Amino acid sequence: MTSRIKLIEEAKKLLQENDMGGYTVPTHGLYPFQWNWDAAITALGWMKVDEIRAWQEIEMLLKGQWENGMVPHIVFHKQVDSYFPGADVWGSNRELATTTISQPPVLVSVVKIMLEQAKDKTLANNKLKEMLPSLIAYHQWWYNDRDPENTGLVVSYHPWESGMDNSPAWDKSLAAVPPVTYQYKRKDLEHVDSDERPHASEYDRYLFLVDFYKKSNFDSKVMYKECPYKMYDVGIISILHKGTKDLISLCNSFGVEQQKIHWFEKEYQKTTFAIQRLWNEEHQSFLNTDAITNESFPVLTTGTMLALYGEFANREQAISLRALMKDWLADTGYGMSSTYAKCEAYEPQRYWRGPVWLHINWLLALGTDHYGFDDESQQLKFSSEVLINESGYFEYFNSETGAGCGGGQFSWTAAIALHWFL
Ligand code: DGY
């Protein structure tokens, strides 16, 4: 058997082993529920195994959608004790328990790819017709709830919402959040070494925020006004923006009323202009910015580079970002380290402070493709293949040694490998 065939078989087997009957856990133990952006990325892998199952992954995620349109970051389909903070801590009080924040909205863009690549077009068209109203409601929720003042920039309320939980870009704003003072027991450290996970001081604040949403009764007006952590997150804004572009295209193909389409076009235009407020001349990059203090953080991360995926950069900005990416790729051997190695806070093995994630390499490759930066796109793909060949399907990888880190047998890593290069 060639190693490529073996890798394909392993990836497919991994998805089947992580299948809980309609939804896929990212990995057993560490993450035993369905996560929002994991589910979307994982569906791309299922497309190579079983298209019906791929659509089911999205349907199961949408079962957790709130009446206001939010698609939560975790859907707790079944009770499992290996994770903290579980459904009881979030206190969503819903029949199907969920968390009370969202995650990077890559969902619509993934669904569009699924539709384009589907072999069974009838199935794909039917599924899309069914789920389009939910996808529309999800994007409306982002703009209405997270940008009620119509600035053109949505805000995020939690580092977990960014998907890039422990990124140093959030350090200063998170430090301003009070810590909880009660005792609790983390479970992530039962599965993964502590030097690959966030510190206790960060967890104390993550939990304060979770309690704050509960105390606010999840009232979007109260949360917007009073949340002690509010971030203009370049990663979320970029992923939302690309998703809205894809949503407009789906709405046009599926005959959605023009009024709705125009509404999204207006939001899209607004963000296209507003994002320029986050461009920093000195650093030649878009920067994450605290929406409470207006302070922007000169910490270059894969989140800030996702501006290429969001297609925000004008020609001059794109050229600067390309030069930065070249340097970034030269510093470490396996694609884009989650934090630029020249930043002080960079750590090659700790969660979102340096390691490489395969799906981020893929999103960035899509961004470089958009600008015609073929060399960088090829390099991202090549390094991602090397990682899988050398280390297998880990959650993330040490950016200097390529060693697997975090959870093993990880769904989105296998899924992106199947979708992108296997
Ligand atoms: C965790 O528990 O670390 C998750 O990433 C939160 O989404």
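The values are calculated or read from the model by the stated rules, or taken from the named source; none is laboratory data. Only a predicted model underlies this, so the values are computations on that prediction, with no experimental measurement involved. For neighbour counting, all protein chains shown are included, and Cβ atoms are generated from backbone atoms with ideal geometry for every residue, glycine included. Calculation scope for accessible area: heavy atoms of the full protein, side chains included, ligands and nucleic acids excluded. Shrake-Rupley method; radii C 1.70, N 1.55, O 1.52, S 1.80 Å.
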Condition check: in contact (Cβ under 8 Å) with a residue 12 or more places away in the chain, more than 16 Å from the ligand (Cβ to nearest atom) and open to solvent by 10 Å² or more (accessible area, probe 1.4 Å). Does Lys121 satisfy that? no
Of all residues in the stretch 29-60, which are among the hydrophobic types (A, V, I, L, M, F, W, C), closer than 23 Å to Gly406 by Cβ and more than 15 Å from the ligand (Cβ to nearest atom)? Ala43, Leu44, Trp46
Hey, does the stretch 94-102 have a residue that's away from the ligand (no atom under 16 Å from the Cβ) and among the acidic types (Asp, Glu)? yes
May I ask you to list the residues in the stretch 190-206 that are within 13 Å of the ligand (Cβ to nearest atom) and surrounded by 16 or more Cβ atoms within 10 Å (Cβ to Cβ)? His191, Val192, Glu196, Arg197, Pro198, Glu202, Tyr203, Tyr206
Consider the stretch 61-84. How many of its residues are away from the ligand (no atom under 16 Å from the Cβ) and either surrounded by 19 or more Cβ atoms within 10 Å (Cβ to Cβ) or farther than 15 Å from Val25 by Cβ (or both)? 7
Just need a number here: residues in the stretch 238-260 that are free of Cβ contacts under 8 Å to residues at least 60 places away in the same chain and either crowded, with 17+ Cβ neighbours inside 10 Å or under 19 Å from Arg322 (Cα atoms) (or both). 1
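So that you can scan it fast, the table gives a plain yes or no per residue for (1) aromatic (Phe, Trp, Tyr); (2) over 17 Å from Ile237 (Cα atoms):
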position	(1), (2)
Met60	no, yes
Val75	no, yes
Ser82	no, yes
Ser109	no, no
Trp142	yes, no
Asp145	no, no
Of all residues in the stretch 176-201, which are in contact (Cβ under 8 Å) with a residue 40 or more places away in the chain and part of a helix (DSSP H, G or I)? Asp188, Glu190, Asp195, Glu196
Can you tell me how many residues in the stretch 207-221 are in contact with a helix residue (DSSP H, G or I) (Cβ under 7 Å, 6 or more places away or on another chain) and within 16 Å of the ligand (Cβ to nearest atom)? 2
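Please specify each residue of the stretch 266-297 satisfying the condition of being among the hydrophobic types (A, V, I, L, M, F, W, C), open to solvent by 40 Å² or more (accessible area, probe 1.4 Å) and in a loop (DSSP other than H, G, I, E, B).
Correct list: Ile292 only.
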Pick out the one residue from Lys260, Lys185, Lys270, Lys225 that is charged (D, E, K, R) and within 16 Å of the ligand (Cβ to nearest atom). Lys185
Do you know which of the residues in the stretch 16-28 that are under 19 Å from Gly408 (Cβ atoms) and open to solvent by less than 20 Å² (accessible area, probe 1.4 Å) is nearest to the ligand (Cβ to nearest atom)? Pro26
What's the number of the condition Ala87 fails, among (1) open to solvent by less than 10 Å² (accessible area, probe 1.4 Å); (2) within 16 Å of the ligand (Cβ to nearest atom)? (1)
If you go through the stretch 106-118 one residue at a time, how many are over 15 Å from Ser253 (Cα atoms), more than 15 Å from the ligand (Cβ to nearest atom) and open to solvent by less than 30 Å² (accessible area, probe 1.4 Å)? 3
Which condition does Ser92 not pass, out of (1) farther than 24 Å from His241 by Cβ; (2) open to solvent by 30 Å² or more (accessible area, probe 1.4 Å); (3) not charged (D, E, K, R), if it passes all the others? (2)
Within the stretch 1-55, residues being part of a helix (DSSP H, G or I) and over 20 Å from the mean Cα position of the chain (by Cα) number 17
